[in-house]
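K.L.:
Sending over a structure as structure tokens; questions will come in a sec.
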Amino acid sequence: MRAAVIERLGELPVIRDVDEPKGDGARVIEVSAAPLNPVDLSMASGRFYAAPPPVPYVPGGEGVGHPKSGTPAARVYFRSALPNGSLAERSVTNGQVVPLPENISDGVAAALGTPGIAAYLAITSRAQLKPGETVLILGASGVLGSIAVQVARIIGAGRVIAGARDDAGLARAKQLGADATVDLKQIDGLTDRIREASGGKLQAVIDPVWGAPAAAALDAMTSYGRFVHLGQSAGPEATLKSNTVRGRYLSILGFTMFLVPWEEQAVAYRRLVDYAAAGKLKVEVEVLPLDAVADAWKLQAASPHRKLVLSPKAGR
């Protein structure tokens with residue numbers, strides 16, 4: 001079968017023929033769509049905090065498809081078992097699957113996986129956002145951020161503020177339900193601009209960026225604010241002043257999917273699918289043929305502000 005293969009760490013994947021994955025019919029998946037995620041690139045570069053599989057391997061941690069032994073209607077979202085990842089005609093699931101309704105496309109179902117689950121659980125489980133509260137979504141021009149804006153609105157946030165460096169992304173965040181936006185390109189005065197946008201009542205922050213924007217957001221929070229950190233697209237370090245933390249009762253909370261039980265992730269994912277199927281949640285998706293994996297890899301490295309999904313069936 002044809003698959004994308006990481007032959008050496010730090011290099012682009014290549015398309016070549018590989019052996020069929022081994023597994024019973026319920027675990028072998030005929031892949032129809034597989035999203036690219038930042039973690040795929042990080043792992044293949046050798047910079048991820050967990051060790052990558054031995055090379056060569058097929059990347060891709062999740063996808064959408066049909067179990068080989070299932071009926072044509074038995075379409076599922078699945079987590080793959082590396083080294084037999086999802087960027088291939090067939091993959092092997094690790095047993096973590098969620099059945100999908102008919103009225104959602106393969107592309108959207110694939111896009112709602114990792115970024116959607118992270119956004120949903122960061123807001124509901126870690127930040128424990130309450131109806132009527134004010135929340136700031138940093139990195140709101142990205143896929144995770146744009147989903148977080150919509151989830152916050154759906155669950156009843158009183159005020160949703162979107163922060164990003166991309167003007168088009170900020171405009172889209174307003175269309176998706178943000179009440180106000182904050183441009184993160186200019187760091188000087190950022191704390192004051194966040195306070196103004198939030199009316200001085202910033203109770204929760206969802207942060208996939210870290211760096212200077214995170215420090216500014218922490219300064220703008222209320223005394224009992226909850227700050228959830230889940231990414232570092234603006235930099236791996238942030239300088240915090242002591243009185244930012246000790247002068248208040250702030251909670252700075254980490255988030256990683258690796259510590260969330262699958263059952264909880266599956267419930268979150270299906271809730272997102274239901275929102276999307278009902279027209280309450282949108283995600284921008286670009287579906288590319290599997291043969292375009294090297295180009296998609298470069299696009300993902302440049303932060304495309306849309307979910308790139310690869311399909312073995314596209315272009316045929």
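The values are calculated or read from the model by the stated rules, or taken from the named source; none is laboratory data. These numbers were taken from a predicted model, which means no experiment stands behind them. With ideal geometry, Cβ positions are generated from the backbone for all residues, glycine too; neighbour counts draw on all protein chains shown.
K.L.:
Given the conditions (1) touching a Lys or Arg at 6+ places or on another chain (Cβ under 9 Å); (2) of a type in the set (A, V, I, L, M, F, W, C); (3) in a helix (DSSP H, G or I), and given that Leu129 satisfies all but one, which numbered condition is not satisfied?
P.N.:
(3)
K.L.:
Another question, then. Take the conditions over 20 Å from Gly139 (Cβ atoms), of a type outside the set (Val, Ile, Thr) and in a strand (DSSP E or B) and apply them to Tyr224. Does it pass?
P.N.:
So Tyr224 passes the test.
K.L.:
What is the number of the single condition among (1) in contact (Cβ under 8 Å) with a residue 24 or more places away in the chain; (2) more than 25 Å from Glu89 (Cβ to Cβ); (3) of a type outside the set (A, V, I, L, M) that Gln300 does not meet?
P.N.:
(2)
K.L.:
Kindly provide the set of residues from the stretch 85-103 that are in a loop (DSSP other than H, G, I, E, B) and either among the acidic types (Asp, Glu) or surrounded by 19 or more Cβ atoms within 10 Å (Cβ to Cβ) (or both), ordered by number.
P.N.:
Of everything in the stretch 85-103, those that are in a loop (DSSP other than H, G, I, E, B) and either among the acidic types (Asp, Glu) or surrounded by 19 or more Cβ atoms within 10 Å (Cβ to Cβ) (or both) turn out to be Gly85, Ser86, Leu87, Glu89, Leu100, Glu102.
K.L.:
Moving to a separate point now. Looking at Ala4, Ala88, Ala34, which one is in contact (Cβ under 8 Å) with a residue 24 or more places away in the chain, within 25 Å of Ala301 (Cβ to Cβ) and touching a Pro at 6+ places or on another chain (Cβ under 6 Å)?
P.N.:
Exactly one residue qualifies, and that residue is Ala4.
K.L.:
Going by what's in this entry, would Pro59 be described as surrounded by 15 or more Cβ atoms within 10 Å (Cβ to Cβ), farther than 30 Å from Pro208 by Cα and either polar (S, T, N, Q) or in contact with a strand residue (DSSP E or B) (Cβ under 6 Å, 6 or more places away or on another chain) (or both)?
P.N.:
No; evaluated as a whole, the condition is false for this residue.
K.L.:
Does Tyr77 count as touching a residue at least 12 places away in the same chain (Cβ under 8 Å) and either over 17 Å from Gly107 (Cα atoms) or touching a strand residue (DSSP E or B) at 6+ places or on another chain (Cβ under 7 Å) (or both)?
P.N.:
Spelling it out, Tyr77 is indeed touching a residue at least 12 places away in the same chain (Cβ under 8 Å) and either over 17 Å from Gly107 (Cα atoms) or touching a strand residue (DSSP E or B) at 6+ places or on another chain (Cβ under 7 Å) (or both).
K.L.:
Could you list, in sequence order, the residues of the stretch 258-292 that are part of a helix (DSSP H, G or I) and of a type in the set (Val, Ile, Thr)?
P.N.:
If the condition is that a residue be part of a helix (DSSP H, G or I) and of a type in the set (Val, Ile, Thr), then Val267, Val273 are the ones that fit.
K.L.:
Does at least one position in the stretch 272-288 carry a residue that is among the β-branched types (Val, Ile, Thr), surrounded by 14 or more Cβ atoms within 10 Å (Cβ to Cβ) and within 19 Å of Ala140 (Cβ to Cβ)?
P.N.:
yes
K.L.:
Surrounded by fewer than 24 Cβ atoms within 10 Å (Cβ to Cβ), at pLDDT 95 or above and in the same structural domain as Arg153 (by TED's automatic domain parsing): does that describe Pro131?
P.N.:
Considered against the rule, which asks whether it is surrounded by fewer than 24 Cβ atoms within 10 Å (Cβ to Cβ), at pLDDT 95 or above and in the same structural domain as Arg153 (by TED's automatic domain parsing), Pro131 comes out as yes.
K.L.:
Among (1) at negative phi; (2) within 23 Å of the chain's Cα centre (by Cα), which single condition is Trp210 missing?
P.N.:
If we test Trp210 against (1) at negative phi; (2) within 23 Å of the chain's Cα centre (by Cα), just (1) comes out false.
K.L.:
Would you say Val285 is closer than 29 Å to Gly177 by Cα, touching a residue at least 24 places away in the same chain (Cβ under 8 Å) and within 14 Å of the chain's Cα centre (by Cα)?
P.N.:
Yes.
K.L.:
Being free of Cβ contacts under 8 Å to residues at least 40 places away in the same chain, crowded, with 20+ Cβ neighbours inside 10 Å and not charged (D, E, K, R) is the requirement here; does Ala111 meet it?
P.N.:
No; evaluated as a whole, the condition is false for this residue.
K.L.:
Scan the stretch 176-205 for residues that are aliphatic (A, V, I, L, M) and out of contact with any His (no Cβ under 9 Å at 6 or more places or on another chain) and jot them down.
P.N.:
Leu176, Ala178, Ala180, Val182, Leu184, Ile187, Leu190, Ile194, Ala197, Leu202, Ala204
K.L.:
When Val18 is evaluated against the numbered criteria (1) buried (at least 16 other Cβ atoms within 10 Å of the Cβ); (2) of a type in the set (Val, Ile, Thr); (3) under 18 Å from the mean Cα position of the chain (by Cα), which criterion, by number, is the only one it fails?
P.N.:
(3) is the only condition that Val18 fails.
K.L.:
Name the one entry in Gly225, Gly199 that is assigned by TED's automatic domain parsing to the domain that holds Ala162 and either under 14 Å from Tyr120 (Cα atoms) or out of contact with any Phe, Trp or Tyr (no Cβ under 9 Å at 6 or more places or on another chain) (or both).
P.N.:
Sole residue among the options that is assigned by TED's automatic domain parsing to the domain that holds Ala162 and either under 14 Å from Tyr120 (Cα atoms) or out of contact with any Phe, Trp or Tyr (no Cβ under 9 Å at 6 or more places or on another chain) (or both): Gly199.
K.L.:
Could you check how many residues of the stretch 247-257 are loosely packed, with under 12 Cβ neighbours inside 10 Å and either among the hydroxyl-bearing types (Ser, Thr, Tyr) or modelled with pLDDT of 90 or more (or both)?
P.N.:
Count: 3.
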